[in-house]
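Below is one structure, written out as structure tokens; the observations come after it.
The values are calculated or read from the model by the stated rules, or taken from the named source; none is laboratory data. Treat the numbers as computed from the prediction; the structure is a model and nothing was measured. Ideal geometry is used to build each Cβ from the backbone, glycine not excepted, and the neighbour counts take in all protein chains shown.
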Amino acid sequence: MQLDPSDTRRSRPSPTTSEIIHVWRDDRSVKDGSAYVYLRWIKRFRAYCDQRGLHEQAELTLYGAHRFVDWYSRRNDIGPDAAANARTAVHELNRVYCVLGRETPRWRVAPVASYPATGVLRAYKDHLIAHRGSPQATVHKKLTHMGYFLEYLRKRGQTWHSMTLADIDAFLVDCSHRYARTTTADIAGSIRSFSRFLIATGRSRRNLAESVIAPVQPKYERPRRALPWEDVQRLLHAVSRSNPCGLRDYAILLMMSTYGFGAGEVIGLRLDDINWSAATFRVIRPKTGTAFTLPLLPAVARAVALYLRDGRPPHATTRYLFLQCKLPFAPLSCATAVRHIVVKHATVAGLTATYLGSHVLRHSNASRQIDLGADPRVVSDILGHRDPDSISAYVRIATESLRDVSLPVPS
């Protein structure tokens with residue numbers, strides 16, 4: 001959306017200093033010390049717009065902020081921290097306009113969707129979606145793998161037309177020196193998929209797929225990592241709920257440990273998914289897109305309600321439930337953000353587990369349910385496994401149950 005500076009019907013007086021401070025305090029987004037710094041930069045930004053005859057609202061974009069910083073830095077010697085504060089101040093002013101119901105341009109123009117660089121990869125992408133039904137994440141992963149492989153062939157003076165099994169083997173050997181065994185096996189799977197695509201679409205008559213050798217991955221070679229339930233409780237108790245980030249983190253960790261969610265289920269939750277009157281909420285499995293409804297247990301409901309009341313910025317424009325604690329208050333976008341939350345509070349709790357990934361609470365929940373006598377098939381359904389055998393991995397770590405069924409040691 002572009003703002004026309006001459007359109008006075010849409011132009012309203014700029015927010016006053018008192019209005020800006022009111023929004024910041026209401027949103028709990030800017031502390032007093034930072035507010036003082038940002039207000040100084042907003043004053044300079046407004047002077048810059050007046051001097052150059054610019055329309056303030058139209059300049060409230062990332063590009064406009066960069067132009068202001070460049071202009072100011074040519075006249076004053078400022079460091080990178082000051083430049084970052086200036087851009088944040090302009091961004092904050094943009095958000096104040098939005099909160100006050102005044103029209104502003106998008107802060108950042110949406111990036112143009114990237115497409116595979118070659119025709120064969122574009123066709124492969126369409127094939128994965130139309131004929132294989134692959135989700136977007138899988139399509140992106142396979143295209144990335146094939147991009148690496150085709151670049152490797154190009155450097156050797158080869159193309160997919162002329163590639164041989166020896167080329168594939170050499171590439172996978174090279175990958176094994178740089179990546180983990182699981183990653184190399186995943187890349188080999190992508191090459192098999194690409195080879196089958198070439199056969200299916202008549203682009204090649206050589207079926208190399210069955211001859212591609214990947215690192216052997218023994219099933220359940222490494223059991224799932226889970227925390228003892230006492231450590232899960234210690235983790236939850238270690239979260240300070242005296243600030244917005246703590247309220248958010250506690251709600252996330254409680255939901256993951258209570259329902260066995262992975263990071264994808266948590267960061268995908270939206271405000272509209274919660275039915276407060278029915279005490280239920282809807283969850284969408286990120287891998288399959290399957291939606292199902294779960295009961296909103298009282299403890300979880302209280303944690304989420306406190307986060308919504310005292311932790312989540314009330315004027316955030318996104319409908320996602322869990323947001324970043326800092327500007328621009330965007331949704332949590334990946335499992336890494338959840339992993340950081342787990343590691344942060346596990347450190348406070350003094351946990352010494354060797355593995356604290358974003359799925360550790362999911363694994364802990366599964367082993368806990370089996371320890372308490374739940375039917376493994378029911379646990380598998382709740383966790384959303386497509387392969388019923390997946391629950392076998394959790395049975396391996398349900399140590400209490402295994403002790404109960406163990407046979408006596410012969411004398």
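Here are a few things to note about the model shown:
- Among the candidates Ile199, Ile252, Ile267, Ile284, residue that is touching a strand residue (DSSP E or B) at 6+ places or on another chain (Cβ under 7 Å), among the aliphatic types (A, V, I, L, M) and at pLDDT 85 or above: Ile267
- Residue ID - surrounded by the most Cβ atoms within 10 Å (Cβ to Cβ), chosen from residues in the stretch 157-186 that are of a type in the set (A, V, I, L, M) and in a loop (DSSP other than H, G, I, E, B): Met163
- All positions within the stretch 230-257 that are over 11 Å from Tyr307 (Cβ atoms) and either in contact with an Asp or Glu (Cβ under 8 Å, 6 or more places away or on another chain) or surrounded by 17 or more Cβ atoms within 10 Å (Cβ to Cβ) (or both): Asp231, Val232, Arg234, Leu235, Leu236, Ala238, Val239, Leu253, Met256, Ser257
- Index of the failed condition, Asp32 passing every other in (1) within 29 Å of the chain's Cα centre (by Cα); (2) modelled with pLDDT under 90; (3) among the charged types (D, E, K, R): (1)
- Of the residues in the stretch 128-143, not one is more than 22 Å from the chain's Cα centre (by Cα), surrounded by 15 or more Cβ atoms within 10 Å (Cβ to Cβ) and within 30 Å of Ser18 (Cβ to Cβ).
- Yes/no for Arg108 being touching a residue at least 60 places away in the same chain (Cβ under 8 Å) and outside the structural domain of Arg203 (by TED's automatic domain parsing): no
- Gly202 within 27 Å of Ile129 (Cα to Cα), part of a loop (DSSP other than H, G, I, E, B) and either touching a Cys at 6+ places or on another chain (Cβ under 9 Å) or not hydrophobic (A, V, I, L, M, F, W, C) (or both): yes
- Flag for Arg106 being charged (D, E, K, R) and under 30 Å from Val37 (Cα atoms): yes
One line per residue, one yes/no per condition, for (1) charged (D, E, K, R); (2) free of Cβ contacts under 8 Å to residues at least 12 places away in the same chain:
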residue	(1), (2)
Glu92	yes, no
Tyr97	no, no
Asp126	yes, yes
Ile129	no, yes
Ala137	no, no
Gly147	no, no
Tyr152	no, no
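Every residue, every condition in (1) at pLDDT below 90; (2) surrounded by 15 or more Cβ atoms within 10 Å (Cβ to Cβ); (3) in contact with a Gly (Cβ under 7 Å, 6 or more places away or on another chain); (4) more than 19 Å from Ala316 (Cβ to Cβ), yes or no:
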| residue | (1), (2), (3), (4) |
| --- | --- |
| Tyr38 | no, yes, no, no |
| Ala47 | no, no, no, yes |
| Asp50 | no, no, no, yes |
| Glu59 | no, yes, no, yes |
| Gly64 | no, yes, no, yes |
| Tyr97 | yes, yes, no, no |
| Thr104 | yes, yes, no, no |
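- Hey, Trp41 at negative phi, touching a residue at least 60 places away in the same chain (Cβ under 8 Å) and either touching a helix residue (DSSP H, G or I) at 6+ places or on another chain (Cβ under 6 Å) or in a helix (DSSP H, G or I) (or both) or not: no
- Hits in the stretch 77-90 (condition: modelled with pLDDT of 90 or more and either within 20 Å of Ile20 (Cα to Cα) or outside any helix (DSSP H, G or I) (or both)): Ala84, Asn85, Ala86, Arg87, Thr88, Ala89, Val90
- Restricting the stretch 334-351 to residues that are small (Gly, Ala, Ser) and closer than 14 Å to Ala263 by Cβ, the residue that is modelled with the lowest pLDDT: Ala335
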